[in-house]
Amino acid sequence: MNESWDDYAEGWDSNEDVISYSDKAFRTLFEVVNPEGLLILDFGCGTGLLTERMAITADRIVAVDPSEKMISVLQNKQLSNVETLIAVLSEETIKTYDLFRSKYDVIVASSVCSFLPDYEGTLRLLKTLLKPNGIFIQWDWLKSDEDNDSDFNKERIESAYQRVGLEILSISEAFSIESEEGPMKVIMGAARKTL
Ligand SMILES: C[S@@+](CC[C@H](N)C(=O)[O-])C[C@H]1O[C@@H](n2cnc3c(N)ncnc32)[C@H](O)[C@@H]1O
């Protein structure tokens, strides 16, 4: 399943930009929440670059991704407090998999939301997987070109959080990654499930 992401799996962990993105996402995570002792869902975990950093102190991490090969790279890391799941999130898979029946302290989505066919619908489903006061955090490329509908800006994130009923904690430019065309900015959104 998901052949296009499967194609990236082998070289993912040796891509310096990808490593730098994960390092910076991990560092900025602490501006919102300390993962120590928490039950965390890494949504769209890929090869688990963020998972492995959080797993050092988190209680347990469930890492989910539709790409079998990305998950396979993560499984080979043999992290004792990490469980993996190859799945697409939907109402059906939430009913099917026990790991989707758990409630999480934190859900992270690092460079994932722009690949979702239905961002707001997915947020609604993820909200059901959060404990009361649980926190959702996303990192995505900041929209720099008005014609690019897949990247994010503050307004898009803000309106989605409001429409799905998540309390906005912060939406900010978190860091940037150097590229040949200059720095590429990353926006981080964080929200809490209040009910
Ligand atoms: C840019 S990679 C990021 C991977 C990882 N989070 C990281 O930071 O290294 C995007 C990931 O999103 C996953 N993905 C694509 N479509 C998805 C979907 N509908 N639901 C969840 N994850 C998805 C891909 O399989 C891929 O692993």
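The values are calculated or read from the model by the stated rules, or taken from the named source; none is laboratory data. As the structure is a computational prediction, the values presented were derived from the model and not from experiment. Because the Cβ atoms are built from the backbone with ideal geometry, glycine has one as well, and the counts that use them run over all protein chains shown.
Take the residues of segment 116-140 that are within 14 Å of the chain's Cα centre (by Cα) and either in a loop (DSSP other than H, G, I, E, B) or at pLDDT below 95 (or both): which is farthest from Ala191 (Cα to Cα)?
Among them, the one singled out is Leu116.
If you take the residues of segment 102-142 that are more than 16 Å from the ligand (Cβ to nearest atom), touching a Lys or Arg at 6+ places or on another chain (Cβ under 8 Å) and of a type outside the set (Asp, Glu), which of them is nearest to Phe30 (Cα to Cα)?
Ile135
Only one of Phe115, Phe136 is under 22 Å from Glu173 (Cα atoms), surrounded by fewer than 17 Cβ atoms within 10 Å (Cβ to Cβ) and of a type in the set (A, V, I, L, M, F, W, C). Can you tell me which?
Going through Phe115, Phe136 in turn, the sole match is Phe115.
How many of the residues making up segment 21-33 are surrounded by 13 or more Cβ atoms within 10 Å (Cβ to Cβ) and either away from the ligand (no atom under 16 Å from the Cβ) or over 14 Å from the mean Cα position of the chain (by Cα) (or both)?
Final tally of qualifying residues: 3.
From the set of residues in segment 82-93 that are free of Cβ contacts under 8 Å to residues at least 24 places away in the same chain and not in a loop (DSSP other than H, G, I, E, B), which is surrounded by the fewest Cβ atoms within 10 Å (Cβ to Cβ)?
Glu92
Could you list all residues from segment 53-71 that are within 12 Å of the ligand (Cβ to nearest atom) and surrounded by fewer than 19 Cβ atoms within 10 Å (Cβ to Cβ)?
Arg53, Pro66, Glu68 - these are the residues of segment 53-71 that are within 12 Å of the ligand (Cβ to nearest atom) and surrounded by fewer than 19 Cβ atoms within 10 Å (Cβ to Cβ).
Please determine whether any residue of segment 5-16 is outside any strand (DSSP E or B), crowded, with 21+ Cβ neighbours inside 10 Å and away from the ligand (no atom under 12 Å from the Cβ).
No, every residue in segment 5-16 fails to be outside any strand (DSSP E or B), crowded, with 21+ Cβ neighbours inside 10 Å and away from the ligand (no atom under 12 Å from the Cβ).
Among the residues of segment 143-175, how many are at pLDDT 95 or above, buried (at least 16 other Cβ atoms within 10 Å of the Cβ) and in a strand (DSSP E or B)?
Here the count works out to 4.
Have a look at Leu74, Leu79, Leu41 and point out the one that is in a strand (DSSP E or B) and either touching a helix residue (DSSP H, G or I) at 6+ places or on another chain (Cβ under 6 Å) or more than 9 Å from the ligand (Cβ to nearest atom) (or both).
Leu41
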